[in-house]
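Enquirer: Below: one structure in structure tokens.
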Amino acid sequence: MFSRVTLAFLSFSLFATSMIVGQRELSGLMQVGTTDESFFETLLGHDKSQAISYRSTDDILRRCINVAGGLYGALQPEQWQELARFNCLETADNAVAQMPSYALGWYAKSLFSYQLGQPQAAEAALVQAQHVGRHEQWIAEGRVQLAEDHFTTLSPAALSGHQQDLELLAKSARGVASVARRYATQPDFRERITLIVEQLPPEDQVRFLTNVRRATQTFGMVMP
């Protein structure tokens, strides 16, 4: 039997722990909501105590992808790019080690591994992202971009996952919009996606063509 003193001590300890975790969570989320410049500076410092829960890890990785992995990061000095991307990669590594079915973590690991010149690790992570996040469309959009950018080096496993991603995107308005520019400007991609669409039900084929026309008009392009 626990004494009242012991129970009081345990209650206080749990309360104190929850306060510490809460402060770390709040700190992480507040930094995620800052400007790109401020977030990038935070990445260079890499305070590892910030990503505690799934929610804060997810928020930080999304921001990593958009900032360090996007245009803002590409415009920074090379040594800063590499440091920020390395720290984002470390966050992704830790996330998938704790949550092996975490599709965003695998996608982030693939993205930053490619950007840091680690193609083997990048493709292995891409295959994992394709496997565990098969039906997550917005992540599939990123996976397709990575796969197309490295298409000539993809393994059979990565190619198979890539085809499944293209099938997923071909069935929705958002998915088609995400590949419309590549469809209109890259003949070899157009041939690949056309072969996939031809295997879809007639209603999906009609929807695909309608969405491609709409998307190409939005981008000011002429549909082939």
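The values are calculated or read from the model by the stated rules, or taken from the named source; none is laboratory data. This is a predicted model, so every value here is computed, not measured. FYI the Cβ positions are ideal-geometry reconstructions off the backbone, even for glycines, and counts take in every protein chain you see. Areas reflect the complete protein model, heavy atoms only, side chains present, ligands, DNA and RNA absent. Shrake-Rupley method; radii C 1.70, N 1.55, O 1.52, S 1.80 Å.
Enquirer: Just the number, please: carbon plus sulfur as a percent of the accessible area of region 153-204, 1.4 Å probe, no ligands or DNA/RNA counted.
Expert: 54 percent
Enquirer: Per residue, how much accessible surface does region 99-224 expose to a 1.4 Å probe? Answer in Å², no decimals.
Expert: I get 50 Å² per residue for this part.
Enquirer: Run the simple label-point estimate for LEU209 and ASP188 please: 7 Å along Cα→C-beta, distance reported in nm.
Expert: With each label point 7 Å from Cα toward Cβ, the separation is 2.7 nm.
Enquirer: Hey, what do the phi angles of region 141-151 turn into as Karplus ³J(HN,Hα) couplings, whole Hz, using 6.51/-1.76/1.60 and θ = phi - 60°, x for Gly and Pro?
Expert: 4, x, 4, 4, 4, 4, 5, 5, 5, 10, 4
Enquirer: Report the relative contact order of region 65-118, percent, no decimals, based on alpha-carbon pairs under 8 angstrom and at least 6 residues apart.
Expert: Relative contact order for region 65-118 comes out at 38 percent.
Enquirer: Tell me the net charge near LEU83. Cut-off is 13 Å between Cβ atoms, LEU83 excluded, with +1 for each Lys or Arg and -1 for each Asp or Glu.
Expert: -3
Enquirer: Among SER172, SER160, SER113, what's the order by accessible area (1.4 angstrom probe), most exposed first?
Expert: SER160, SER172, SER113
Enquirer: Right, here's the next one. Treat every Asp and Glu Cβ in region 55-107 as -1 and every Lys and Arg Cβ as +1, leave all other atoms uncharged, and give the resulting dipole magnitude about the Cα centre to the nearest 20 debye.
Expert: Using Cβ point charges on Lys, Arg, Asp and Glu, region 55-107 gives about 180 debye.
Enquirer: Quick one: order ARG182, ARG174 from most to least accessible surface, probe 1.4 Å.
Expert: ARG174, ARG182
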